[in-house]
Amino acid sequence: GVLALSFRSFIAEPFNIPSGSMIPTLLVGDYLFVSKYSYGYSRYSFPLGLIPFSGRVLASAPERGDVAVFRLPSDVSVDYIKRVVGLPGDRLQVKAGILYINGVAANRRLTGQQSYNSGLSTMTANLYEETFADGHSHSIQEISDSLRLDNTPEFTVPAGHYFMMGDNRDNSRDSRTASVGFVPAANLIGRAEFLFFSHDSSARFWEIWKWPLAIRFDRIGNRVS
């Protein structure tokens, strides 16, 4: 009732991963908690926008590298989850798959390969550890360095906005595309914190006997970083 609604509005909200845009950090079938208090509160912090107001209260700025849930600017009924790579005033560009922030290339170190199902076919992707100039590092995945979003114009992030990218760099609809673009601070919902459940979709809801094999126990409790 009211207690559950208050918890979801002010403290934490569960969120499930429906797409592969954040592979390898987040997998389809991951369930995680998003901390609502991390960035303060906007009208989108509350179910159905029940408390309409503009801007944010108790606002705290995201840090570069945070994995954040936000409302899609072009359709605020849709939640997205991506990594914050650009802060207000930053200049960002991708050249041959390398992310440049304010003219400085993020360091990218090859850590391995994995087979990847894009939904249409299975292909091999390179796994990298990407490190920003401030030292924040995380994992990303690239199928190649010459696909559509591997070379972009330079973007300058407007005041009060953020630039978001998926860790699955060649299969992510994010701020590099006009359909997402820069994300206003008011659209931020919260920061992804940790996984509380994960399954690989190999068991249907009614196939209870298959559930133990479908659950990815090694992911439960992992922090999102």
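The values are calculated or read from the model by the stated rules, or taken from the named source; none is laboratory data. Given the structure is predicted, the values throughout are model-derived calculations rather than measurements. Ideal geometry is used to build each Cβ from the backbone, glycine not excepted, and the neighbour counts take in all protein chains shown. Note: accessible area is taken over every heavy atom of the protein model, side chains too, but ligands, DNA and RNA are not part of it. Shrake-Rupley method; radii C 1.70, N 1.55, O 1.52, S 1.80 Å.
Taking Tyr41, is it at pLDDT below 90 and over 25 Å from Ser198 (Cβ atoms)?
So Tyr41 passes the test.
Based on this model, can you work out whether Phe194 counts as out of contact with any strand residue (DSSP E or B) (no Cβ under 8 Å at 6 or more places or on another chain), at pLDDT below 95 and within 20 Å of Pro14 (Cβ to Cβ)?
Spelling it out, it is not the case that Phe194 is out of contact with any strand residue (DSSP E or B) (no Cβ under 8 Å at 6 or more places or on another chain), at pLDDT below 95 and within 20 Å of Pro14 (Cβ to Cβ).
Going through Tyr100, Tyr128 one at a time, which residue ends up being open to solvent by less than 70 Å² (accessible area, probe 1.4 Å), in a strand (DSSP E or B) and either within 29 Å of Phe33 (Cα to Cα) or touching a residue at least 60 places away in the same chain (Cβ under 8 Å) (or both)?
Among Tyr100, Tyr128, only Tyr128 is open to solvent by less than 70 Å² (accessible area, probe 1.4 Å), in a strand (DSSP E or B) and either within 29 Å of Phe33 (Cα to Cα) or touching a residue at least 60 places away in the same chain (Cβ under 8 Å) (or both).
Using the structure shown, decide if Ser139 is among the small types (Gly, Ala, Ser), part of a strand (DSSP E or B), open to solvent by 20 Å² or more (accessible area, probe 1.4 Å) and within 21 Å of Leu26 (Cα to Cα).
yes
Please go through segment 77-97 and pick out each residue that is of a type outside the set (Lys, Arg) and exposed (fewer than 15 other Cβ atoms within 10 Å of the Cβ).
Listed by number, the residues that qualify are Ser77, Val78, Gly89, Ala96.
Among the residues of segment 172-225, write down those that are farther than 16 Å from His161 by Cα and exposed (fewer than 11 other Cβ atoms within 10 Å of the Cβ).
Within segment 172-225, Ser201, Arg204, Phe205, Trp206, Ile208, Trp209, Pro212, Phe217, Asp218, Arg223 qualify.
Quick check: anything in segment 173-186 under 20 Å from the mean Cα position of the chain (by Cα), of a type in the set (D, E, K, R) and modelled with pLDDT under 95?
No, that holds for no residue.
Using the structure shown, decide if Tyr31 is touching a strand residue (DSSP E or B) at 6+ places or on another chain (Cβ under 6 Å) and modelled with pLDDT of 90 or more.
Yes; evaluated as a whole, the condition is true for this residue.
Examine segment 199-215 for a residue that is under 19 Å from Val69 (Cβ atoms) and within 19 Å of the chain's Cα centre (by Cα), and state whether such a residue exists.
Scanning segment 199-215 turns up no residue that is under 19 Å from Val69 (Cβ atoms) and within 19 Å of the chain's Cα centre (by Cα).
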